[in-house]
Amino acid sequence: MFFLLLIAACGLATADVAKAKPSPCALTDAEVAGLSGDASTDIHAVSDYSKTVNDLLKAGKFRKLDCLADSVRSRKETFPGGMWKIHTIYSGLAKPPLHATQEDWNRHIKLLQLWVSSRPRSITARVALAESYVNYGADARGMGLADTVSESGWKLLKERTAKAKRILERASTLSAKDPEWYFAMQTIALGSWEPDARQTLLDQAVKFEPAYYYYYRAHAYSILPKWGGEEGEAEKFVQTAADRIGGDAGDILYFRVAGTLVCGCPNEPQLKLSWPRIQKGFAAVEKQNGTAPENWNLLAHMALSFGDAAVADKLLVKIGDQWSEDIWQISSAFESAKQWAIQMRPFVAIRQTAEESAEANLNTPTGQLYKTTFDENIHTWMQPCVEASAGSDLGYFELLIKVGKEGEIEDINGTGASPLMQCLGHKLHDFQNSKQVVFPPPPQPDYWFRLDFDSESSTSAALK
């Protein structure tokens, strides 16, 4: 990491301080320390980085801020886990910390204006000021529903957003360019621009910096039903975007965007996203960008929303006390998730045993032969379900089916969200309750087979 090099350059790694080289951005030891946390082990590393940036702003150290931003922007630096440092810098500049008062906002805006006037060629100062005005407008509106917002709140939101747009338009004439410029403009476009204009902005942004996944997050959020989007539009967008990129990179994008779309909020509908693909994207992130508690928290939170106790439990144990306040909001929510996962452990163990048995059965010659008949029967029963669900999002599901010694269904264990699973599950339970023989006798009693279906990747069931 760049700032690990800064530590050495500042002489922190040697007792011979007299021979230490100056920091490239003239940062103090304390500033370097705040920017050098290890995000692969410390959940606070990213927030400490952002706080240090905000401290530099409050101290009026504009030259240092420009040097820092220019460096991480030109190098396209990321933290372990793949989060962009330039985006984190703006997180520390876009609003006052904690619960800001009007006095805090006045001081914050004046500091950014002073930065712009004293360093007029700074792209960072202008983008930070624009994002601050957007947030300042949102602060005036408040977090309530539209019918609870005062007339003055709407007026201030409109005025401050318009001011942010003018600042960004002026910033676009500078020679220096910044990927965050487009993201800032997307926040201005939210809820006010026409769909075609927002799409054009996204296309321009991705052309400028294809890897800046925050663009896709912002656009997907802007087309949710609560912002006027059609039902399923956001899900279709993220799938199409990920498919267009393809491979691990496409799966990574799917995970990144899903992480902001899956709310788990009691008053918001569950989006029909592919949980298997989200997990594939997470695995690809860890392979490409390394491990990070931030991503563990993100996937654990989504696992809770999708009802996957096995994945949630594994991650929550790994997280330990490294829980993310940004994701869980309060410690009680995190502790509640842990308790749920613990309570589900006996059921997870039963399912895991069945999965291992199904996998072992499939990996034998007799298992492969038996699979042919099993597949034929399942497809026959599923076809009416597919026809009945025409036009619906078929989602995904996993079914484990235990076949008795005569060919009757003895047990069914399923997870997922799909109208197909509900339809097929009813049929299978009817067979089970009637003790009807529906399969040939298996190679051995208590014979487990697994059925996986994911409409994201196939139009027919993938059986194994």
Fill in the blank from the handout: Given Cβ charges of +1 for Lys and Arg and -1 for Asp and Glu, the option among TYR396, GLN383, GLN368 whose Cα lies farthest towards the positive end of the dipole of region 345-464 is GLN368
Problem - Size of charge dipole - the chain - debye, nearest 20, with Cβ of Lys, Arg +1 and Asp, Glu -1, no other charges - result: 2120
Exercise for the section: Might you tell me the accessible area per residue for the chain, computed with a 1.4 Å probe and given in Å²? Expected result: 50
Exercise for the section: May I ask for the angle, rounded to the nearest 10°, between helix 275-289 and the longest principal axis of the chain, with both axes built from Cα atoms and the value confined to 0 to 90°? Expected result: 50
Completion exercise
Quick calc: nm separation of the 7 Å Cα→Cβ label points for THR373 and ALA249 -> 4.8
Handout entry: Residue among TYR133, THR52, THR78 farthest towards the positive dipole end of region 27-147, charges placed on Cβ
Key = TYR133
Problem - At R0 = 35 Å, FRET efficiency that the Cβ-Cβ distance of SER336 and SER117 yields, to 0.05 - result: 0.10
Practice task
Treat each spin label as a single point 7 Å out from the Cα along the C-beta direction, and report the VAL149 to LEU98 distance in nm.
Solution key: 2.8
Practice task
Before anything else, pin down the relative contact order of the chain: Cα pairs under 8 Å, at least 6 apart, normalised by residue count, whole percent.
Solution key: 9
Practice task
Towards the positive end of the charge dipole of region 181-332, with charges on Cβ (+1 Lys, Arg; -1 Asp, Glu), say which of THR240, SER332, GLY191 has the farthest Cα.
Solution key: THR240
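To the nearest 20 debye, what charge dipole does region 42-190 have about its Cα centre, counting +1 at the Cβ of each Lys and Arg and -1 at the Cβ of each Asp and Glu? Walk me through the intermediate numbers first.
Details: 24 positive and 16 negative charges, 127 e Å.
Here the size comes out at about 600 debye.
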Practice task
Give the cross-link partners of LYS51 among the lysines, using a straight C-alpha distance below 21 Å as the criterion and excluding same-chain residues fewer than 8 apart.
Solution key: LYS61, LYS64, LYS76, LYS85, LYS95, LYS110
Fill in the blank from the handout: Residue separation between TRP193 and GLU231 times 0.36 nm, minus their alpha-carbon distance, gives in nm 11.8 nm
Handout entry: Cα long-axis angle, helix 345-362 against the chain (0 to 90 degrees, to the nearest 10)
Key = 60
Practice task
Would you mind checking region 180-199 for residues with the amide N under 18 Å from a putative spin-label position 7 Å along Cα→C-beta of ILE109?
Solution key: 188
Fill in the blank from the handout: Restricting to Cα pairs under 8 Å and 6 or more apart, the percent relative contact order of region 53-135 works out to 32
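Shape of region 161-297 from its Cα gyration tensor (a ≥ b ≥ c, root eigenvalues): rounded if a/c is under 1.5, otherwise prolate when a/b > b/c, or oblate?
Working: a/c = 1.97, a/b = 1.34, b/c = 1.47.
Here region 161-297 falls in the oblate category.
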Completion exercise
Percent of all alpha-carbon pairs of the chain at distances over 39 Å, whole number, is 34
Fill in the blank from the handout: Over its alpha-carbon atoms, region 248-397 yields an Rg and a Dmax in Å of 18.2, 52
Exercise for the section: Report, to the nearest 10°, how far helix 195-208 tilts away from the longest principal axis of the Cα atoms in the chain, using its own Cα long axis and a range of 0 to 90°. Expected result: 80
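The values are calculated or read from the model by the stated rules, or taken from the named source; none is laboratory data. Predicted model only: the values in this text are computed from it and were never measured. Cβ sites come from the backbone with ideal geometry, for glycine too, and all protein chains shown count toward neighbours. The area values use the complete protein model at the heavy-atom level, side chains included, leaving out ligands, DNA and RNA. Shrake-Rupley method; radii C 1.70, N 1.55, O 1.52, S 1.80 Å.
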